[in-house]
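Working notes, structure below.
The values are calculated or read from the model by the stated rules, or taken from the named source; none is laboratory data. Note that the coordinates shown come from a computational prediction; the quantities given were computed from them, not determined experimentally. Counting neighbours? That spans all protein chains shown, and the Cβs are built from the backbone with ideal geometry, glycine included. Accessible surface is based on the protein model in full, side chains and every heavy atom, while ligands, DNA and RNA are left aside. Shrake-Rupley method; radii C 1.70, N 1.55, O 1.52, S 1.80 Å.
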Amino acid sequence: MKPLHSRVDADQLERAAAMLKVLSHPKRLAIVDLLGKSKGNKEHQMSVTEIYQALDIPQAIASQHLITLKDRGVLKSSKVGTKIYYALAVPQLMKIIDTLEDYSTHI
């Protein structure tokens with residue numbers, strides 16, 4: 001019997017699995033969802049304060065998740081004065097969020 005082959009190579013599967021692992025925390029998914037809600041054609045970015053207030057979580061918890069998401073290439077940041085703003089580095093991740101949202105309504 002022939003072995004089954006994936007249409008995606010092993011390295012791509014490893015990177016995809018690592019990305020899913022990063023997104024596996026509900027608060028990190030919420031952050032990605034929040035930042036993915038774009039306003040018009042402009043890139044949607046939010047400050048740490050705006051993020052933790054919108055999600056009603058402590059600032060320290062939000063900061064930890066933001067650092068994890070940035071370190072893994074999910075988010076990018078920019079500094080304006082004393083504030084740090086975050087935005088999605090990979091807007092295509094919203095397709096995953098949308099798919100998970102659709103899936104969760106069926107279970």
Practice task
Quick one: pull the percentage of alpha-carbon pairs in the chain with a separation above 20 Å.
Solution key: 45 percent
Practice task
Output the pairs from 21/79; 21/70; 27/83; 37/95 with a Cα-Cα distance over 18 Å in this structure; if there are none, say none.
Solution key: 21/79; 27/83
Exercise for the section: Can you figure out the FRET efficiency of residue 7 with residue 33, using R₀ = 25 Å and their beta-carbon distance, to the nearest 0.05? Expected result: 0.35
Practice task
Divide by every residue of the chain the summed helix terms, -39500 (n - 2.57) for each DSSP H run of at least 4, and state the resulting mean residue ellipticity at 222 nm, rounded to the nearest 500 deg cm²/dmol.
Solution key: -16500 deg cm²/dmol
Problem - Inter-probe distance in nm under a simple model that places probes 7 Å from Cα toward Cβ, at residue 97 and residue 77 - result: 1.9 nm
Completion exercise
Probe 1.4 Å, heavy atoms of protein chains only: per residue, the accessible area of the stretch 18-82 in Å² is 62 Å²
